[in-house]
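Down below is the structure, laid out as structure tokens.
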Amino acid sequence: MPRMPRNVAIVDDDPAILKALARLLRARGFTVVTFQSGRQFLAAMPDPLPDCLILDLQMPGMTGLELQHQLARKDVGIPTIIVTAHDAAGMRERCKSAGAIASLSKPVPQAALFAAIEAAGGGGAR
């Protein structure tokens with residue numbers, strides 16, 4: 001039986017989203033680290049790696065998909081959930097093709113978020 005991820009990293013350029021998601025997850029017993037950009041996440045590269053990564057799709061400098069590609073080039077596999085306020089046609093498929101386990105629209109429904117995090121337990125960080 002896969003274990004429920006307990007350590008989650010959130011990357012989003014919107015401080016209000018970071019705060020809200022972190023507060024929600026911490027209230028459910030998760031350990032959460034937050035980053036305001038993909039570059040900040042790469043520079044800090046948490047050790048140990050988080051069990052799950054929640055990424056904003058549209059960020060200045062480096063999008064969520066670009067961060068996913070950077071991690072793949074470094075052979076870092078973290079189950080990833082993409083969140084976006086811009087749910088354009090075909091975007092969910094692009095996110096899944098890039099390796100995301102889920103793509104959710106903002107505002108993120110709590111039930112969908114927790115279901116995606118639970119699904120991440122089947123992968124695990126490498």
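Once the convex hull of all Cα atoms in region 8-126 is built, its volume per residue stands at 95 Å³.
Given the Cα-Cα distance of Q58 and E93 and 0.36 nm per residue of separation, how much length would full extension add, in nm? Mind showing how you got there, number by number?
On the way: separation 35, 0.36 × 35 = 12.60 nm, distance 1.56 nm.
Stretched out fully, the Q58 to E93 stretch lengthens by 11.0 nm.
Normalising the average separation of contacting C-alpha pairs (under 8 angstrom, six or more residues apart) by the number of residues puts the relative contact order of region 7-120 at 22 percent. The order of C52, C95, going from fewest to most other C-beta atoms within 10 Å of their C-beta, is C95, C52.
Spin-label model, K19 to A43: label points 7 Å out along the Cα-to-beta-carbon direction sit 2.2 nm apart. Proximity of backbone amide H atoms, modeled 1.01 Å from N, is registered between Q58 and G64, A85 at under 5 Å, excluding neighbours fewer than 5 places apart on the same chain. A full extension of the chain between K106 and K74 corresponds to an added length of 8.6 nm, given 0.36 nm per residue minus the alpha carbon distance. Site pair R6 and T31 shows an inter-label distance of 0.8 nm when each label is modelled 7 Å from Cα along Cα→Cβ.
Listed by chain and number, the lysines whose C-alpha is less than 22 Å from the C-alpha of K96, apart from same-chain residues fewer than 8 away, are K74, K106.
Every read-out reported here was derived from the displayed coordinates using simple, explicitly stated rules and does not represent laboratory data. These numbers were taken from a predicted model, which means no experiment stands behind them. With ideal geometry, Cβ positions are generated from the backbone for all residues, glycine too; neighbour counts draw on all protein chains shown.
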